[in-house]
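Presented below is the structure to which this report refers.
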Amino acid sequence: MSLPRLARLPLVAAALFVAACAPKSPTDATVGAPESATAPVVPELGPTLVAYRWRLESAVDASGQSIAALFPDPANPLGLDFNDGQVGVSGGCNRIGAGYQLVEGSTLQLGPSRSTMMACLPPLDAADKAISAVFAGALQAQLEGEPGTPALRLTAADGSILQFTGTPTPETQFGGPGARAFLEVSAEPCHLQSEASPGCLRVRELQFDEQGLPSGEPGEWHGLPAGIEGYTRTPGQQQVVRVKRFESREATGNEPAEHFVFDMVVESRTVQ
């Protein structure tokens, strides 16, 4: 005997309630879950290239053999700097650079290379040849590592694979572009005990006008205990160098702390 319509309604409601409270299977629990909940955050390639300096850690050819020519000086590993659509390669004999653009998000398309023209002795001459061979045409670029400590993997058309580690550029570290400045570096080493540190330099600031001519009075000679990043004093040489000056506030005080990064040598003279 069938139940009247009104009598069947409570039974249907009860069945729906039981179904809703029943435990879900693992498949049910994961269906429709957003992939982003577990997917790692991948930094954007273009801004990351510019925000870091890249130091070569390993390089192998298509057969897995180390490319020894790319490691001419263990104390000065090959490095890459990306800025304003240009990439500079350091660590060989000459400074090598090229224009670049990212194609389809991960292909580093390089333009014709340019280089300074210094004569190079072994093993630096071999390094320049190896750099020019690898950094030509297109490279497949892939970011690896953790956020804040990125690694860069470049794969050349011939199957060579180069692995780099990144360190923040001064612009990234200090939160903005530096100001251009000119420092004259004395041929005399730091001689005050308070300035006795391995990188200490004796410097004074110079001013130049828009035409590149000296203007105003030079600043006072003083010790620069931390030296200039990327610059090494040549004994017997008094040099004028162009630098970038960065300012930050130390964690222990409110006084600005200056950090200088080497750009280029403007003038050099021998001091007897």
Mind counting the residues in the range 201-230 that are modelled with pLDDT of 90 or more, part of a loop (DSSP other than H, G, I, E, B) and under 16 Å from Val241 (Cβ atoms)? 5
Of all residues being modelled with pLDDT under 95 and acidic (Asp, Glu) in the range 148-194, which is farthest from Gly64 (Cα to Cα)? Just the residue, please. Glu188
(1) outside the structural domain of Phe246 (by TED's automatic domain parsing); (2) modelled with pLDDT of 90 or more; (3) part of a loop (DSSP other than H, G, I, E, B) all hold for Ala126 apart from (3)
In this structure, does Leu56 turn out to be touching a Phe, Trp or Tyr at 6+ places or on another chain (Cβ under 8 Å), in a strand (DSSP E or B), modelled with pLDDT of 95 or more and within 24 Å of Pro177 (Cβ to Cβ)? no
Just checking, how many residues over the range 209-247 are under 19 Å from Pro177 (Cβ atoms) and of a type in the set (A, V, I, L, M, F, W, C)? 4
For residues in the range 152-163 being hydrophobic (A, V, I, L, M, F, W, C) and more than 16 Å from Gly46 (Cβ to Cβ), which is surrounded by the fewest Cβ atoms within 10 Å (Cβ to Cβ)? Ala157
Looking only at the range 74-105, count how many residues are touching a residue at least 40 places away in the same chain (Cβ under 8 Å) and out of contact with any strand residue (DSSP E or B) (no Cβ under 6 Å at 6 or more places or on another chain). 2
Those residues of the range 122-148 which are surrounded by fewer than 12 Cβ atoms within 10 Å (Cβ to Cβ) and free of Cβ contacts under 8 Å to residues at least 24 places away in the same chain, in sequence order: Pro122, Glu146, Gly148
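The values are calculated or read from the model by the stated rules, or taken from the named source; none is laboratory data. Every value quoted in this text rests on a predicted model; they were computed, and no experiment measured them. So basically every Cβ, Gly included, is an ideal-geometry build from the backbone, and we count neighbours across all protein chains shown.
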